[in-house]
2 protein chains.
Amino acid sequence: MTPHPRRRRRGDDRREQIIDEALKTFADNGYRGTSLAEIADRCGLSQPGLLHYFPNKAALLAAVLDYRDRLDYDRLGFDQRLRGKDALIRLAQLVDHNMHVPGLVRLFTVLTSEAVTADHPAHEWALDRYRKLQVHLAGALEAGIADGSIRRDIDPAAVARQVFAMMDGLQLQWLVDPDTVDMATLFRAYIDELIAYIT
Amino acid sequence: MTPHPRRRRRGDDRREQIIDEALKTFADNGYRGTSLAEIADRCGLSQPGLLHYFPNKAALLAAVLDYRDRLDYDRLGFDQRLRGKDALIRLAQLVDHNMHVPGLVRLFTVLTSEAVTADHPAHEWALDRYRKLQVHLAGALEAGIADGSIRRDIDPAAVARQVFAMMDGLQLQWLVDPDTVDMATLFRAYIDELIAYIT
């Protein structure tokens with residue numbers, strides 16, 4: 001079969017479309033609960049057609065995670081070297097933004113929880129992501145200690161772990177019960193008290 | 001086939017065995033990633049044999065969640081009417097205990113995250129569980145305000161949500177990276193600071 005020229009999509013567009021549909025399907029049903037056939041179907045492709053772009057489900061997962069990380073790290077201002085409380089305020093802004101992108105939040109929550117078992121293809125990603133986030137925020141807090149804006153007696157590594165735990169835990173409650181739980185307000189209140197305590 | 005009398009298990013024992021194997025399988029692979037055939041196999045039963053005890057996968061899930069909740073609410077001291085900071089200290093003890101039962105913690109994390117979609121059979125359970133926990137802890141904090149041991153200007157409902165968020169978020173980091181993350185120490189530090197702030 002020769003593809004009809006008007007129905008043919010450029011390779012990059014098609015890749016983007018596949019990543020987008022895969023993201024939604026993983027977010028709804030998890031990685032284990034999703035089949036390549038289902039994603040192919042949502043893209044209007046045959047399964048061999050999909051495999052032309054991504055050789056297997058794990059490769060497609062990697063592309064989805066990579067896409068999500070780029071969005072995330074941009075919003076976290078990884079490249080801006082925020083210091084001390086500015087890094088915490090940026091996180092509160094991120095949670096505010098997240099209330100408008102429930103699909104991306106759900107993707108993160110569903111995949112990270114599935115990935116707690118060591119044999120899951122996203123396990124290394126989850127491990128690496130928490131370590132990166134922790135190093136990033138602990139570094140920002142240490143910079144605040146160095147310039148005198150943050151108390152010397154806090155443990156930056158522990159505070160960083162706690163901040164991301166609060167963020168993830170509130171996301172989970174919000175996803176389960178979005179009409180009741182206002183995660184942005186709850187997280188902002190936590191961050192405000194934390195800033196009051198550590199500065 | 002007549003079952004061999006020595007290999008026959010009493011109904012209750014068999015039910016317990018099925019719940020136990022289902023719990024492990026759901027914790028490893030999630031609800032969507034688990035088949036009844038797999039659980040039957042782990043129990044040394046045929047699939048019709050398993051269906052004799054539980055008519056479908058959702059009924060088995062309900063039994064597993066019910067079993068887990070009873071353990072949980074016992075440990076939380078739901079019946080003891082703890083007040084103010086005693087309820088918070090009890091939670092820190094629970095997290096300490098949880099480090100010895102990773103399978104139960106994983107079950108909770110995997111199922112709650114899957115259950116964020118409204119069509120999941122554990123969705124109502126997750127919604128109800130968070131609301132119950134929040135009412136329980138907010139009530140304990142209100143009792144502390146009433147007896148003068150806790151500041152009047154805190155928001156008990158918000159603090160309760162934050163405390164369970166911190167617990168869940170640290171559990172997730174611990175499950176992903178158990179060698180690095182000491183969730184009991186991190187949670188205890190959070191609770192100690194919270195108590196210092198609200199009393």
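The values are calculated or read from the model by the stated rules, or taken from the named source; none is laboratory data. Note that the structure is predicted; figures quoted are calculated from it, not measured. Note that we place each Cβ from the backbone using ideal geometry, even for glycine, and neighbour counts take in every protein chain shown.
Brief remarks on what is shown
- Of all residues in the stretch B:128-173 being under 25 Å from B:THR34 (Cβ atoms) and touching a Ser or Thr at 6+ places or on another chain (Cβ under 9 Å), the one that is nearest to the other protein chains (Cβ to nearest Cβ): B:ASP168
- Listed here are the helices (runs of 4 or more DSSP H) enclosed by the stretch B:32-114 that have at least 1 residues being among the β-branched types (Val, Ile, Thr), modelled with pLDDT of 90 or more and crowded, with 16+ Cβ neighbours inside 10 Å: B:36-42, B:57-76, B:84-98, B:102-114.
- Residue in the stretch A:149-164 that is closer than 30 Å to A:ALA59 by Cα, within 20 Å of the chain's Cα centre (by Cα) and not in a loop (DSSP other than H, G, I, E, B) present: yes
- Any chance B:ALA126 is assigned to a helix (DSSP H, G or I) and either over 17 Å from the mean Cα position of the chain (by Cα) or over 30 Å from A:ALA122 (Cβ atoms) (or both): no
- Of the criteria (1) within 9 Å of chain A (Cβ to nearest Cβ); (2) in contact (Cβ under 8 Å) with a residue 40 or more places away in the chain; (3) assigned to a loop (DSSP other than H, G, I, E, B), which one B:THR180 fails: (2)
- Scanning the stretch A:7-36 for residues that are out of contact with any Pro (no Cβ under 8 Å at 6 or more places or on another chain) and within 14 Å of chain B (Cβ to nearest Cβ) gives A:LYS24, A:THR25, A:PHE26, A:ALA27, A:ASP28, A:ASN29, A:GLY30, A:ARG32, A:GLY33, A:THR34, A:SER35.
- A count restricted to the stretch A:115-126 and to residues that are more than 9 Å from chain B (Cβ to nearest Cβ) and surrounded by 17 or more Cβ atoms within 10 Å (Cβ to Cβ) stands at 4.
- Candidates A:ASP74, A:ASP153, filtered to the one that is without any contact (Cβ under 8 Å) to a residue 12 or more places away in the chain and farther than 26 Å from A:ASP182 by Cβ: A:ASP153
- Within the stretch A:183-199, residues that are within 11 Å of chain B (Cβ to nearest Cβ) and over 11 Å from A:ILE154 (Cβ atoms) sit with their Cβ atoms under 8 Å from residues that are outside any helix (DSSP H, G or I) and of a type outside the set (Phe, Trp, Tyr), at 6+ positions apart or across chains, in these pairs: A:MET183/A:MET99; A:ALA189/B:ASP155.
- Number of residues in the stretch B:96-114 that are free of Cβ contacts under 8 Å to residues at least 40 places away in the same chain and either at the interface with another protein chain (Cβ under 10 Å from one of its Cβ atoms) or polar (S, T, N, Q) (or both) equals 1.
- Residue match in the stretch B:157-169 (condition: within 26 Å of A:PRO178 (Cα to Cα) and surrounded by fewer than 18 Cβ atoms within 10 Å (Cβ to Cβ)): yes
- So A:PHE26, is it farther than 30 Å from A:ALA184 by Cβ and surrounded by 18 or more Cβ atoms within 10 Å (Cβ to Cβ): no
- Residue within the stretch A:121-140 that is touching a Gly at 6+ places or on another chain (Cβ under 7 Å) and not β-branched (Val, Ile, Thr) present: yes
- Residue list for the stretch A:1-26, restricted to those being at pLDDT below 90 and either assigned to a helix (DSSP H, G or I) or of a type in the set (Lys, Arg) (or both): A:PRO5, A:ARG6, A:ARG7, A:ARG8, A:ARG9, A:ARG10, A:GLY11, A:ASP12, A:ASP13
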